[in-house]
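The block underneath contains the structure these notes are about, expressed in structure tokens.
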Amino acid sequence: GPWHKDAMEPVSFAKSLSKALRRGCCGAPAAAWGPTILPIVASLPVSPSDDNQTKKKEEKESQPLPLLVVSSLWEGRKSAAGMADALSIVSAVAECVTFLMLRRPKKQQDSSHSTKFSIISWRSCGRLLLETLSYYLLETSETSGHYGPVASAVEELCGTLVRDLQKLDVASSSFSETSDDEEGRGIAVIKSWLWGEEGLQRTLSLENVTTNEQNSIVRKWHTFLMKLLSSSSLSSSQEQQPTSRLIPACKLLFHFIVNGDNNLATAEVVGRSTTNTCNADEGSLLLSIIRYCSVDTIFSTSQDAVEAAGEEVVGAASLSSVERFCVNDLLRWILVHASSVMSSSAIIKTDFEIFKLCLASLPSSTRQKQIWETVLRELIKSYCNYTTLAIGLGTLAGGNEGRADGGDGNNADTVRCEVLDAFATETADRAVLEFQHSRDILQHLNDEEETPSSFTAVGKRRRGN
């Protein structure tokens, strides 16, 4: 290898490379040199073998060489020639730290020589990964409908983060935090921290953020989840979903959007609607979270609560939570969106898509129909316009997109109910009466127009005689 004998001194090389990376390689296109950093980082020793005690002492106090290079690479994004280069650098950082956390260290014959990262170094790796995610969520531009090098770089960064977080997620489920694991991959050491309150959950938090930051996180995380859902590995192994380490952060995000903020001042700071409803971007995110996590997982309680109260009690509470969400929150959103002139049909369709998945999660078809009738009855009482009802009926009766269970027939059976039949009959009768009334009015007007003309004709004949 390049670090054996007198081929190359790794410490000097790492320091020189780090200096160049901090300068963004002096404006050189990052798309060209960025992919070469990972092989270099992979080949660097964690700490070089050297008999010089002074160098050993200095090395012990500094970062591991691979982490030193990656940290310098992260700093280099500030010196990039343009946004596309900065995005390529951030993507390279994410790849490198993911590799480091997943790599198993090689066994050394000299056990007295440390070749492992410390817990602090592993957390630095995890922190760098979260910073790349935060960079994507907050500092990248919108790519929908845009083309060019920046849009391509944003898409590439999103794809890199989806792939890397998915790998770390799978690896986190493969290890338990024991002393044996700490001798192996770094993800086994910091997985509780990485996926917990101080890690991913804090990165995705919508608390104490500005309106622009909140909207950016909502839109970008929705895009992230849609890419994750469309990935081949997830679609081919749906059984891994309930154990995903991304679910706790998604659940917190879901319930924060749904519950809103009762403090009006705080609501204005974060852009929370005072009507306590969701906007189009939030609705799309809620739908993608449900599709990724499942309704049962989102409304389930913690394992501690299950053990304390019993599975039957907690299961019933979970079902009631889903029903309350449908009858209270979703119904209110539909009514608000239907009454707003600015609302598009897309957001109403999203509301009913969420409602459809919630209904499908209820185990009893009888209960599904009862909840649907309750919601429909309230929509009718509020004089909801026919366009909204048509969108809702089409969405609920349509196929279960992206789901293996359920079909068109079952959905149609759920939608068909006595309340809908009575409403359809009443609407048809009202339409017939209004048509007849309009016809009678037109007939009366025509009669009035014909009567004066006949009198005029008779008068002319009499004067002529």
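Coordinate-derived values only; no laboratory data. Treat the numbers as computed from the prediction; the structure is a model and nothing was measured. Counting neighbours? That spans all protein chains shown, and the Cβs are built from the backbone with ideal geometry, glycine included.
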Can you give the FRET efficiency for Lys78 and Ser320, using 1/(1 + (r/R0)^6), R0 = 56 Å, r = Cβ-Cβ distance, to the nearest 0.05?
0.65
Ordering 381-394, 280-293, 325-338, 16-29 by per-residue average of other C-beta atoms within 10 angstrom, highest first, gives 280-293, 325-338, 16-29, 381-394
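Mind ranking 149-162, 425-438 by how tightly packed they are, going by the mean number of other C-beta atoms within 10 angstrom, highest first?
The most tightly packed comes first, giving 149-162, 425-438.
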The set of residues whose placed amide H lies less than 5 Å from the amide H of Arg103, leaving out same-chain residues fewer than 5 positions away, is Gly186
Would you mind checking Lys15/Lys167; Lys78/Lys220; Lys116/Lys191; Lys167/Lys227 for any pair whose Cα atoms are more than 20 angstrom apart?
Lys15/Lys167; Lys78/Lys220
Ordering of 215-225, 193-203, 364-374 by packing [mean C-beta count within 10 Å, highest first]:
215-225, 193-203, 364-374
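How much length would be gained if the chain were fully extended between Leu393 and Glu434, taking 0.36 nm per residue of separation minus their Cα-Cα distance, in nm to one decimal?
Details: separation 41, 0.36 × 41 = 14.76 nm, distance 2.44 nm.
Here the segment from Leu393 to Glu434 would lengthen by 12.3 nm.
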